[in-house]
Amino acid sequence: MIFDVSVLGRTVKAEVKVRGDVYQVTIDGKPHTVDFRETGRDFASLLLDGRSFEAGLERKQGGFIVHLPVDNIEVALQEAARGSASAHKKATGPARVTAPMPGKIVRVLIEAGQEVAAGAGLIVMEAMKMENELRAPRAGRVQSVAAREGLAVETGALLVVIE
Amino acid sequence: MNFKKILIANRGEIAVRVIRACRELGIPSVAVYSEADRLALHVRRADEAYEIGPAPSRDSYLRMDRILDVAKRCGADAIHPGYGFLSENAAFARACDDAGITFIGPRAETIQAMGEKTSARRIAVEAGVPVVPGTLHPVTSDEEIRREAARIGFPLMLKAAAGGGGKGLRLVPHADDLATAALRARSEAKSAFGDDSVYLEKAVLQPRHIEIQVMADAHGNAIHLYERECTIQRRHQKVIEESPSPFLTPELRERMGALAVALVKKVGYVNAGTLEFLVDKDREPYFLEMNTRLQVEHPVTEMVTNFDLVKLQIRVAQGEKLPITQADVRQTGHAIECRVYAEDPERGFLPSPGKIVALRVPGGPGVRDDSGVYEGYDVPIHYDPMISKLVAWGRTREDAINRMRRAVSEYKVLGIQTTLPFFERVMRHPDFLAGDFDTSFVEKAFAQHEVKREAPWEVAVAAAAIQAYRDRQARRGALTQSAGARPASGWRVRGWREGPGGRL
């Protein structure tokens, strides 16, 4: 099985084959022998060419966050046969400002139709007793404001659209 | 007189910490919890637990009436307030007295005198303890804030008069920033402490934040347990503490300890407390404020002095004399604490609440983890984002740092972002290793001086690709026929098998 992989700004191909208890993983043409054993829910012990790693494998949309002893590394991947790796394609068009965390809208600093500069404060959110100001990702006109003061929102909730 | 039962008016790791001390002393413990906290660890660890209201703190953990009602009904004769919530609330200490329940902390008058920050500054001046120049009275109007700011000069600090813990606190670099900062500081102060009055202080340049732990009994005995270095902060909240401070000379250490004991004796302080000082680049200490409670970072002191501060608190509150004198207190070795927050250090330390899907906690020599969470626990949005305190002890500072780095590498929290990767980098930062940092370390030195290192990305790719492969196989119902899931029976399949079909 071949994967298109995107990791730390690199794009690589990784092929996985299995024989008995070990896997052969070829990353950009370089083969590695990997003994992979589950050591608990979302954890695995890897012996990779003789080097030992305990990895946490946190599932994310389109890939994993791999927790290694010194780093947490985001790995986006998809099967090569299913098309090109486009996990990180940036959307163009209006800028959507969404809630970066669950919390409460404390204040709405702008209204629809208003021109804002890049970095201008839009919304003040409170989460875990701290107030955080959400700023405009770029300059533009506020197209719509979905945020209302006092509203409790989940991560990813659409708050403001700037065109 | 020994307490029959102790109620802990708090939640999370500190409630668990107090429950542990109670259990070791053989005293039954009572937890209280909000509707959001039925599954919190302190509820699971206590001997008894009672619900006290909805999730918001003001409807539960700040409801004195409900907490006292629970205490009376369950027969608790003492209340430990932990830190935060009601711990520095004089009215609560008084209400406990009126109900015939011992408040494990200082007397209500002392909390009031030292808890109101400007009053504490006045008392310090009277006791001959140096303070940072600024207002000696709370300021409540924007007009007065502008006037005082002009008198003191910029840069200055705006602080909640009733505050602590970095809430309602703003650095104001220039006059232009004053209006916004005042608005935000007063709004935060209002919601955190129910009081929007503030005070102003001249900002000390390149300051170190060093505090002295004190402990006093009701018989006039007071000691200090040396310092904690709390300079590494983000958003004015501590993230790493250590003891001893690499910045203090033995003379300054003794001097600050003596100042702390003098102030404590002056106000007739009882129980555990902490005096916070700013020490400027010329090693001049300025008294900042007193925390009339147990501190988050108390384990650092426990590790280097070998005294259990919570048990001392309980014994002193029972009316006992301090079982130790100043001569018994020695700093042995070095301890570092990292506060593990449910926050994303890559995105400006934004809160990252949610479910901890998997958890591995470090152990081994010299490592202590004071945690309030467990695998499967959902970190709620309603409370402070600290989930645990990781502490490492070593014979020297270098040993402690190496041990902390090792412990951090063993610590795995999956499902939410935490500050652990940030600590791994701090423990390798040359300025931190050299003990050369001030309170701007996180924003300036650390951000500009990121220690580059080649991440083991190929290992991550191999792990992710194999897991993805296994997931595909599992979905196809073929996992039982593939690697890893088969018992090690010794038989081997010849030849490489190719996915996704898993055919031989």
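Read-outs throughout are calculated quantities, based only on the coordinates presented, and are distinct from any laboratory measurement. All values derive from a computational prediction rather than experimental measurement. Note: ideal-geometry Cβ built from the backbone for every residue, glycine included; neighbour counts use all protein chains shown.
Worth a mention:
- Selection from A:94, A:150, A:11 lying farthest towards where the dipole of chain A points positive, charges on Cβ: A:94
- Straightening the chain between residue A:111 and residue A:51 buys 15.9 nm, computed as 0.36 nm per residue apart minus the Cα-Cα spacing.
- Relative contact order, whole percent, for the range A:2-79 stands at 24, derived from Cα pairs under 8 Å and 6 or more residues apart.
- Axis angle, to the nearest 10 degrees, between helix B:142-152 and the longest C-alpha principal axis of chain B: 80 degrees.
- Distance between modelled label sites at residue B:35 and residue B:249, nm, 7 Å Cα→Cβ extension: 5.9
- Pair-distance profile P(r), taking every C-alpha pair of the range B:18-149, with 5 angstrom steps and integer %: 2, 9, 15, 17, 16, 12, 9, 8, 8, 3, 1, 0
- With Cα atoms, 0 to 90° folded angle of helix B:178-193 axis to chain B main axis: 80
- Gained length - residue B:281 relative to residue B:176, 0.36 nm times residue gap less alpha-carbon distance: 35.1 nm
- Using the Cβ-Cβ distance between residue B:190 and residue A:135 with R0 set to 22 Å, the FRET efficiency works out to roughly 0.40.
- Calculated FRET value between residue B:476 and residue A:33, using beta carbons and R₀ = 22 Å, to 0.05: 0.35
- Amide H contacts of residue A:32 (H built 1.01 Å from N, in plane; Pro and chain starts excluded): A:25, A:26, A:27 sit under 5 Å, all sequence-distant by 5 or more or on other chains.
- On Cα atoms only, tilt of B:397-410 relative to the major axis of chain B in degrees: 50
- Chain B - percent relative contact order, Cα under 8 Å, separation 6 or more: 12
- Calculated FRET value between residue B:398 and residue B:235, using beta carbons and R₀ = 30 Å, to 0.05: 0.55
- Across chain A, Cα pairs under 8 Å and at least six residues apart give a relative contact order of 16 percent.
- Label-to-label distance, residue B:433 versus residue B:266, with points set 7 angstrom from Cα along the beta-carbon direction: 4.3 nm.
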